[in-house]
Amino acid sequence: MPDSPPPPVNLDLRLVQCFTVLAEHRHFGRAAAALHTTQPSLSRQIHRLEQQLGVRLLDRTPRGTELTEAGEIFLPLARTLLRSATQAMARTRAAARPTRIIIGYTTNLIVTSAVRELRHRHPDAEVRTVHLGWNEPRDALLDHRADAVVTRLPFRTDGLRVTVLYDEPRVLVVPLDHRLAGKESVTLDDIADEPLPRVSDPDWNAFWRIDPRPGGGPAPGGPLIDDVEDKAELVAAGQAVAIIPDGEHVGRLRPDLTTIPLEGVEPSQVVLATRAGDRNRLVAAFRKIAEAHLRGAR
């Protein structure tokens, strides 16, 4: 006999979202404000969710709201569930009516000519652009916050389709009073002992700090930063030097910094990234236009 169908699932995703917000704030008042509702209403919603699950998720204590053991188990599952639901809606809508595209870009990369051409060729389409942080492109694509992103390598590319648009030389940025300022070019030997900023992303560190160095030794240490845009302030203060793409324009926008060509290192690459297998006709159209308009755009 064929297997019996699974029992129907009675789980309201709106209630799941309320739970994740409350778990983040650990306070009914703050969570209610974030959800634009009242505390009594939020309490009723959480109670309904607990009834649907058949377990208690939260305890109120004098210190605030604490997750029960069941709540701790449910929280990461709830976040995954909401993310999957968002992706399911986005993919279904894109397949049903591919008349909308969100094009992302990261710092100092200009997509205007390609976006303008896409709008010209598809006047009925909704074409939006969004600036993304240096470490956001992959997540933005997989979360459907963007459909195409013009950015720089390196980042994880599994699940993505990536096309190299052009190469961009890497340069060294230093303060104007640095010993290397004014030189026609420098090599890694010239900065063998110079500290360079670090971030938590190992791929970024390996490429932009050139770590390890060609001889196999580690790059010098350097200050840890949360956002690579903070490096300009560190360099200007004399706490580090930095290796950046020539198109980043830091040395041209800040009068207290200057850039020097860095010899003997491979260039960075500006790429167009999209989701692998995306059938949105606007994504395909933008890819062709970007390859024609943005190649060599620096």
**Asked** Quick one: in segment 286-298, which of the residues that are modelled with pLDDT under 95 and not charged (D, E, K, R) is surrounded by the most Cβ atoms within 10 Å (Cβ to Cβ)?
**Response** Leu294
**Prompt:** Restricting to segment 1-48, what's the tally of residues that are farther than 27 Å from Ala88 by Cα, part of a loop (DSSP other than H, G, I, E, B) and modelled with pLDDT under 90?
**Reply:** 4
**Fill in**
Asp227 vs (1) closer than 19 Å to Val265 by Cα; (2) touching a Phe, Trp or Tyr at 6+ places or on another chain (Cβ under 8 Å): all pass except (1)
**Message:** So, in segment 245-279, exactly how many residues are touching a residue at least 12 places away in the same chain (Cβ under 8 Å) and either among the aromatic types (Phe, Trp, Tyr) or outside any loop (DSSP other than H, G, I, E, B) (or both)?
**Reply:** 20
**Message:** Can you report the number of residues in segment 148-185 which are outside the structural domain of Trp204 (by TED's automatic domain parsing), small (Gly, Ala, Ser) and loosely packed, with under 15 Cβ neighbours inside 10 Å?
**Reply:** 1
**Prompt:** With respect to the numbered conditions (1) of a type outside the set (Phe, Trp, Tyr); (2) surrounded by fewer than 17 Cβ atoms within 10 Å (Cβ to Cβ); (3) within 21 Å of Val199 (Cα to Cα); (4) at pLDDT below 95, which one is the sole condition not fulfilled by Ala232?
**Reply:** (2)
**Asked** Taking the stated definitions as given, is Ala206 out of contact with any Asp or Glu (no Cβ under 6 Å at 6 or more places or on another chain), within 18 Å of Gly264 (Cα to Cα) and of a type in the set (Gly, Ala, Ser)?
**Response** yes
**Asked** Could we say that Pro214 is within 20 Å of Pro154 (Cβ to Cβ), outside any strand (DSSP E or B) and either aromatic (Phe, Trp, Tyr) or in contact with a helix residue (DSSP H, G or I) (Cβ under 8 Å, 6 or more places away or on another chain) (or both) here?
**Response** yes
**Message:** Name the residue that is farthest from Arg170 (Cα to Cα), counting only residues in segment 211-229 that are surrounded by 13 or more Cβ atoms within 10 Å (Cβ to Cβ), within 22 Å of the chain's Cα centre (by Cα) and of a type in the set (A, V, I, L, M, F, W, C).
**Reply:** Ile225
**Message:** Yes or no: segment 229-244 includes at least one residue that is farther than 22 Å from Arg179 by Cβ, part of a loop (DSSP other than H, G, I, E, B) and either in contact with a helix residue (DSSP H, G or I) (Cβ under 8 Å, 6 or more places away or on another chain) or among the β-branched types (Val, Ile, Thr) (or both).
**Reply:** no
**Item:** Residues of segment 53-95 that turn out to be in contact (Cβ under 8 Å) with a residue 12 or more places away in the chain, among the small types (Gly, Ala, Ser) and within 17 Å of Gln17 (Cα to Cα), as a count
**Value:** 4
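The values are calculated or read from the model by the stated rules, or taken from the named source; none is laboratory data. In this text, all values refer to a predicted model and were calculated from it rather than measured experimentally. Cβ coordinates were reconstructed from backbone atoms using ideal geometry, including for glycine residues, and neighbour counts include every protein chain displayed.
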